[in-house]
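Undergrad: I am attaching a structure below and will ask some questions about it afterwards.
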Amino acid sequence: MKLIDTHCHIDITAFEERFLNLLKNARLAGVSKMILPGVDRNGWDRIMTLCHQEEGLYAAPGLHPLYLAQHRPHHLEELSALASSGKIVAIGEIGLDYHVPDLDRTIQQQLFEQQLQIAATAGLPAILHVRKAHDQVLATLRRKRFPHGGIVHAFNGSLQQAGQFIGLGFVISVCGTITYDRARRIRKIAAQLPSETLVVETDAPDIPLAGHRGEDNLPEHLPEVLAALATLRGERVELVAEYTTSNAKRVLHLPD
Ligand SMILES: [Zn+2]
């Protein structure tokens, strides 16, 4: 199997010492490509270094809505410059988070639109972080006529909202949440969506899988997300691996 972890923060300091081991274990588990999304300006340098050094790692730099207080206007200029350099496959993770109180929604909106513009200009897709703001993100994508699609990471909206993202050229990313029986809504959505609209991720080190509580989440756990997805859909694991990988390659324009 050749799997693609479409969202993992393996650039974090906590993984630095065991990074090569982590990468080796991921590859042994069949994860041949990993997408490293950005969260703030400080993190981009290490992400870019790792992606240049290591085969199969791809960068998606961006300014995450949760870290609003750390972002500065000149970071957007730097993102524009970075967006046209190599090994960048998307701008991410960007979006709107209405789940956390006290995050200024006007500033979030501005930041999101400015980064969509950068992605549009560079001809890059977007990796979206959306919580309790799916309709607002959809309205923004429509208003900006964002043409490059991308991935809705760790999707947590409704089936209807998933359909609207798909209509705008996005695919829906399924994470370890589906390994929990109680995640009934998202499990049902993952079972119902057409196969050409799904990709998988770990969101390492976040979102631990069922049976791995209290442990770091790692890209090597991706086959368990895949297995849960295959069970929910009543399909063979190999088939789900094949189409999720080919969907990720299509939407992010990844090489074989
Ligand atoms: Zn993330």
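Undergrad: So what's the Cα pair-distance distribution over the range 1-143, bin width 5 Å, in %?
TA: Using 5 Å bins, I get a P(r) of 2, 10, 20, 21, 19, 14, 9, 5, 1 for the range 1-143.
Undergrad: When only DSSP loop residues count, what trypsin sites (Lys or Arg not before Pro) in the range 41-109 have their Cβ near at most 16 other Cβ atoms within 10 Å?
TA: Sites meeting the loop and neighbour criteria: 87.
Undergrad: Taking the chain as a Gaussian network, where each spring joins two C-alpha atoms under 10 Å apart, which residue of 74, 64, 129 fluctuates the most?
TA: Checking each option, the largest mean-square fluctuation is seen for 74.
Undergrad: Oh, and also: Any idea how far apart residue 2 and residue 206 come out in nm if each label point goes 7 Å out from Cα toward Cβ?
TA: About 3.0 nm separates the two model spin labels.
Undergrad: When the chain is treated as a GNM, springs tying every alpha-carbon pair under 10 Å, which of 223, 194, 37 comes out with the largest mean-square fluctuation?
TA: Its mean-square fluctuation being the largest, the pick is 194.
Undergrad: Another question about this same structure. Highest mean first, how do 133-144, 208-219, 14-25 rank when packing is the count of other Cβ atoms within 10 Å averaged over residues?
TA: In decreasing order of mean packing, 133-144, 208-219, 14-25 become 133-144, 208-219, 14-25.
Undergrad: If you find the alpha carbon centre of the range 29-92 and of the range 219-254, how far apart are they in angstrom?
TA: 23 Å
Undergrad: Rounded to the nearest 20 Debye, what is the dipole magnitude of the chain about its Cα centre when Lys and Arg each give +1 and Asp and Glu each give -1 at the C-beta?
TA: Here the size comes out at about 820 debye.
Undergrad: Most fluctuating residue of 197, 106, 231 in a GNM of the chain with Cα springs under 10 Å: which is it?
TA: The residue with the greatest mean-square fluctuation here is 106.
Undergrad: Relative to the Cα centre, what is the charge dipole magnitude of the range 122-246, using +1 at the beta carbon of each Lys and Arg, -1 at the beta carbon of each Asp and Glu, and rounding to the nearest 20 debye?
TA: Dipole magnitude for the range 122-246 comes out near 820 debye.
Undergrad: Something else now. Once R0 is set to 41 Å, what does the formula 1/(1 + (r/R0)^6) return for the Cβ-Cβ distance between residue 81 and residue 233, expressed as a FRET efficiency to the nearest 0.05?
TA: Computed FRET efficiency for residue 81 and residue 233 comes out at 0.45.
Undergrad: Over 10 Å intervals from 0, what percent of Cα-Cα pairs in the range 120-246 sits in each interval?
TA: So the P(r) values, bin by bin, are 13, 44, 33, 10, 0.
Undergrad: Separate question: Place a point 7 Å from the Cα of residue 120 along the Cα-to-Cβ direction; which residues of the range 85-101 have their backbone N under 19 Å from it?
TA: Backbone N within reach: 90-96.
Undergrad: Can you name the helices of the chain, as whole DSSP H runs, whose Cα span along the helix axis is 15 Å or more and whose Kyte-Doolittle mean is not below 1.6?
TA: none
Undergrad: Can I ask one more? Please grab the % of Cα pairs in the chain that end up more than 28 Å from each other.
TA: Summing the P(r) tail past 28 Å for the chain gives 27 percent.
Undergrad: Positive end of the charge dipole of the chain (Lys, Arg +1 and Asp, Glu -1 on Cβ, about the Cα centre): tell me which of 68, 38, 127 has its Cα farthest that way.
TA: So the residue we want is 127.
Just so you know, all these numbers are worked out from the coordinates, no wet-lab data involved. Note that the structure is predicted; figures quoted are calculated from it, not measured. Cβ atoms come from the backbone with ideal geometry, glycine included; neighbour counts cover every protein chain shown.
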